[in-house]
Structure formats: structure tokens, C-alpha cells
1. Hey, which of the strands (runs of 3 or more DSSP E) in region A:59-111, taking only ones fully inside, have at least 3 residues that are more than 9 Å from chain B (Cβ to nearest Cβ) and in contact (Cβ under 8 Å) with a residue 60 or more places away in the chain?
2. Looking at the structure I just gave you, is B:K41 touching a residue at least 12 places away in the same chain (Cβ under 8 Å) and either more than 14 Å from every other protein chain (Cβ to nearest Cβ) or within 20 Å of A:T100 (Cα to Cα) (or both)?
3. Could you pull out the residue among A:E3, A:E15, A:E56 that is touching a strand residue (DSSP E or B) at 6+ places or on another chain (Cβ under 9 Å), free of Cβ contacts under 8 Å to residues at least 40 places away in the same chain and not β-branched (V, I, T)?
4. Pairs under 7 Å by beta carbon, first residue more than 7 Å from chain A (Cβ to nearest Cβ) and part of a strand (DSSP E or B) in region B:97-114, partner of a type in the set (V, I, T) and surrounded by fewer than 15 Cβ atoms within 10 Å (Cβ to Cβ), six or more apart or different chains?
5. I'd like to verify a number: residues in region A:1-43 that are under 15 Å from A:L107 (Cα atoms), in a strand (DSSP E or B), out of contact with any Cys (no Cβ under 6 Å at 6 or more places or on another chain) and hydrophobic (A, V, I, L, M, F, W, C), how many?
6. With the requirement that a residue be more than 19 Å from A:L48 (Cα to Cα) and aliphatic (A, V, I, L, M), what does region B:77-114 give you?
7. Count, please, the residues in region B:58-96 that happen to be outside any loop (DSSP other than H, G, I, E, B) and either in contact with a helix residue (DSSP H, G or I) (Cβ under 6 Å, 6 or more places away or on another chain) or surrounded by 14 or more Cβ atoms within 10 Å (Cβ to Cβ) (or both).
8. Away from chain B (no Cβ under 12 Å) and among the hydrophobic types (A, V, I, L, M, F, W, C): is that true of A:L44 in this structure?
Amino acid sequence: KQEVTQIPAALSVPEGENLVLNCSFTDSAIYNLQWFRQDPGKGLTSLLLIQSSQREQTSGRLNASLDKSSGRSTLYIAASQPGDSATYLCAASFGNEKLTFGTGTRLTIIP
Amino acid sequence: GAVVSQHPSWVICKSGTSVKIECRSLDFQATTMFWYRQFPKQSLMLMATSNEGSKATYEQGVEKDKFLINHASLTLSTLTVTSAHPEDSSFYICSATYRGSEQFFGPGTRLTVL
């Protein structure tokens, strides 16, 4: 069974710090991996999409990496801000158009 | 970027009634649409996959007679929760894709069944 896991479930860091969110998947035959942000009671905002042929993608203060051999992806957030507080979800596609979502990490940036 | 809308954004209904949720791709033709359910503080769980003009494919454990999905056109899919009960209260999110491209997500619909 293809599973996606995110640890920790919750994370609090002081404003200004750099941080890393982790995502693990059980099947190395991954097609692509996507990171989303979800604010309370809202839908999903796509942050970064990494294709299986890529190792990383960058957008502003965000950098996502993909290591298929170890079954891991990380989302790096530089110079964190209170507005970054949200739940971050990773989701993997294993080639059949379906997305398997991780359990999410609830991030709180402390002013 | 591609835009997907959902209507309504929230709905409250009495137990036993049916509720219809619409998902529309506004600026592209969606060959496939997905329906997800999200309970509080949990992740998204895929309910079903629908392709335009064909029957939806439901995930294991999802009752197809309870959650009716119609994908009548390349821009519209509907989810009808029939005979809704309080345990069906949840956040329902749709997404749309064109020929295996990136999935674009709607803003979600909050369903509360009294």
C-alpha cells in the first residue's frame, strides 16, 4: 500500500528562523510530489510541484527537495514569518493521476 | 493559473435530506475530476475519481449509492450526498486535471448535517 507520512504533526518556531518540514513515502516509483498549504477552514494552495526527474524546486523563500531512493521530500522555509503559520500537506502521485496525501504538519510561527 | 470553483462554500441541512455540491473548472476543460473529504484536523481522503461521460470510480469503503457523482461535461462535476446524516458532516474538496496534468483544487464546501 502506498502511504505518505509527515512528521512532526505540529511544529512551533520563532519568527525569523529557517525550518524544514518532512514528508516520507513508501513507494520509490513516484511520479511527482506536491506541497500544499492549508489555512484553517480553507482549501488548498499549491506551493511547489516536483516531477520525479527533478531533485528540487524553488519559489521565493520556499525550497522543496525530492529523494526517491530514500523515499523523502523536504520543504525548506527560509526566514519564517507569522504569515507562514498554516498546515502544510505533501501529496504524492504514483502514476495513476491519484494523489495520496500526507497527514500534514501544523506550523506555528511565534512573533 | 487554472481555477476551480465550488458551490456552495458552506451548507447546513437537516438529517435525511440530500445535498448537491458543484465543482467547476473555470478556464480549462477537465478530463478528470476528483472528490475528497476532510474531517477536522485530518488529511484529505480521496472518495472517488470521475471522468467526463463515464461512471465514477469509488475508493474502497465509499458508498456509491450514498455519494452520487455526475461528471456531465468537461467543466462540471457534481457530488450529491443522499439522505445525509450528522456523520456526513465534513469538508468536501474537489480537484480537476486535464489529461494527467497537475491537479487544481477548489476552495472546498463545508457541510453540516443537523
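The values are calculated or read from the model by the stated rules, or taken from the named source; none is laboratory data. Quick caveat, the model's predicted, so the values are computed rather than measured. Methodologically, a virtual Cβ is constructed for each residue, glycine included, from the backbone with ideal geometry; neighbour enumeration extends over all protein chains shown.
1. Details: elements: A:62-67, A:72-77, A:86-93, A:99-101, A:105-110.
Where strands (runs of 3 or more DSSP E) fall fully within region A:59-111 and carry at least 3 residues being more than 9 Å from chain B (Cβ to nearest Cβ) and in contact (Cβ under 8 Å) with a residue 60 or more places away in the chain, they are A:86-93, A:105-110.
2. Working: touching a residue at least 12 places away in the same chain (Cβ under 8 Å): no; either more than 14 Å from every other protein chain (Cβ to nearest Cβ) or within 20 Å of A:T100 (Cα to Cα) (or both): yes.
The answer is no for B:K41.
3. Working: A:E3 fails: free of Cβ contacts under 8 Å to residues at least 40 places away in the same chain; A:E15 fails: free of Cβ contacts under 8 Å to residues at least 40 places away in the same chain.
After applying the criteria, what remains is A:E56.
4. B:T112/B:I12
5. Residues that pass the stated criteria total 7.
6. B:L79, B:V81, B:A84, B:I93, B:L111, B:V113, B:L114
7. Going residue by residue through region B:58-96, those that are outside any loop (DSSP other than H, G, I, E, B) are B:58, B:67-73, B:76-81, B:86-88, B:90-96.
Next, only the ones that are either in contact with a helix residue (DSSP H, G or I) (Cβ under 6 Å, 6 or more places away or on another chain) or surrounded by 14 or more Cβ atoms within 10 Å (Cβ to Cβ) (or both) stay: B:58, B:67-71, B:76-81, B:88, B:90-96.
Residues meeting the conditions: 20.
8. Values: away from chain B (no Cβ under 12 Å): no; among the hydrophobic types (A, V, I, L, M, F, W, C): yes.
When the stated conditions are applied, A:L44 does not pass them.
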